[in-house]
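Structure first, then comments.
The values are calculated or read from the model by the stated rules, or taken from the named source; none is laboratory data. Given the structure is predicted, the values throughout are model-derived calculations rather than measurements. Glycine gets a Cβ as well: all are built from the backbone with ideal geometry, and neighbour counts include every protein chain shown. Ligands, DNA and RNA are excluded from the accessible area calculation, which covers all protein heavy atoms including side chains. Shrake-Rupley method; radii C 1.70, N 1.55, O 1.52, S 1.80 Å.
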Amino acid sequence: MNLSDSKKKLALAGAICGLVAACLAFLGNPANMAFCIACFIRDTAGALGMHQAEVVQYVRPEIIGLVIGAFVISVATKEYRATAGSSTATRFVLGMIIMIGSLVFLGCPLRMIIRMSAGDLNAWVAFVGFTLGVGTGVFALKKGFSLGRAHVTTKASGTVLPLLMAGIMILSFTSFVKASEAGPGSMHAPIIASLIGGLVFGIFAQKSRMCFAGSMRDIILMKNFDLFTVIAAIFVVMLVFNVATGRFVLAFDTPGIIAHSQHLWNILGMYAVGFAAVLAGGCPLRQLILAGQGSSDAAVTVIGMFVGAGLCHNFGLAASATAVNAETKEIVAGGVSPAGRIACVICIAACFVIAFTHKREEAK
């Protein structure tokens, strides 16, 4: 089963993933979030005690389903390949950068598209930053950037992250993990629906090679719109869902959407994500899929994202969302803290250092 050899199949894969996201939103996932890799990793990290923000603590079965779904389908179709050893520490740092940039914006590239489909103009502004970040990464690629070649390793090593995810799923049924009683972490679809949704999404993402950074990279580098077809299909399905259910609101300041209107930081946050994703070889979603199909390098990037999530909430780097004051009923604008701004700038600077100090031998 190959879904990446024609635009029609890619569109079908995107439409199915869009339907999964729409169903999860309808069944209880937070408004305008539906399916967000960064937010779900942040919630899961909180549930495991990696941060103490009580409103964002919940083991998200979707994340676990993504990895296991990619693992199962890659094994079934003989695409599972255990590899490791490509600039491991650098990939860990890039995972942290991806998470910090995402939480400055309040969402990963997938959620950016979902927010765009619901009329959130902040996400459209952030899309500019994401595209510029990917473009900068493409420039680095043209100048010889490379993290080196990954090497084939024992098959068992590629199963570490899928097994860890399965273990987290088991832990979620015990009292060892935390669960929010209020806030975004308390809003979720039923566990079985979330897990099945993650499995389905993971299978189709693996077979379609879905990647938000990769789609923009291909357009900029090769004028190839194939991967963008998947993204466009998700956008269209979610747009129809949001309009049909009355969730489409064309505005900047929309309370309850988990977003903010500090445009510069929306742009810079997603600039860091786009830049780092190209350097790491894939967006947050793609990293989970690659880890599921045997890449230990991608698994390290995912672990970096978990650590980055913990740092964001332990040190106040994550942005706050626009909300309504419970007492006065006035809209309170969200935004990025001084610490978050400094961290975002440091992340962008780190991307430039990584981009122009890691080069192929022939490019040096």
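Give LEU227, LEU195, LEU221, LEU264 a once-over and let me know the one that is among the aliphatic types (A, V, I, L, M), farther than 22 Å from TYR58 by Cβ and either modelled with pLDDT of 95 or more or out of contact with any helix residue (DSSP H, G or I) (no Cβ under 8 Å at 6 or more places or on another chain) (or both).
LEU264
So is ILE346 open to solvent by 20 Å² or more (accessible area, probe 1.4 Å), under 17 Å from ASN266 (Cβ atoms), within 23 Å of the chain's Cα centre (by Cα) and among the hydrophobic types (A, V, I, L, M, F, W, C) or not?
No: the conditions fail for ILE346.
Going by the conditions given, is THR136 modelled with pLDDT under 95 and of a type in the set (Ser, Thr, Tyr)? Don't jump to the end; show me each part of the working.
Working: modelled with pLDDT under 95: no; of a type in the set (Ser, Thr, Tyr): yes.
Here the answer is no, as THR136 does not meet what is asked.
Looking at (1) at pLDDT 95 or above; (2) within 28 Å of GLY246 (Cα to Cα), can you tell me which one ASP120 breaks?
Of (1) at pLDDT 95 or above; (2) within 28 Å of GLY246 (Cα to Cα), only one is false for ASP120: (1).
Which ones in the range 308-340 are of a type in the set (S, T, N, Q) and assigned to a helix (DSSP H, G or I)?
ASN314
Residue-by-condition table, conditions (1) at pLDDT 95 or above; (2) open to solvent by less than 30 Å² (accessible area, probe 1.4 Å); (3) touching a Leu at 6+ places or on another chain (Cβ under 6 Å):
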site: GLN206; (1), (2), (3): yes, yes, no
site: PHE235; (1), (2), (3): yes, no, no
site: MET238; (1), (2), (3): yes, yes, no
site: ASN242; (1), (2), (3): no, yes, no
site: PHE252; (1), (2), (3): no, no, yes
site: LEU268; (1), (2), (3): yes, no, no
site: ALA276; (1), (2), (3): yes, yes, yes
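In the range 49-166, which helices (runs of 4 or more DSSP H) lie fully inside it and hold 3 or more residues that are open to solvent by 50 Å² or more (accessible area, probe 1.4 Å)?
Where helices (runs of 4 or more DSSP H) fall fully within the range 49-166 and carry at least 3 residues being open to solvent by 50 Å² or more (accessible area, probe 1.4 Å), they are 61-76, 88-105, 121-142.
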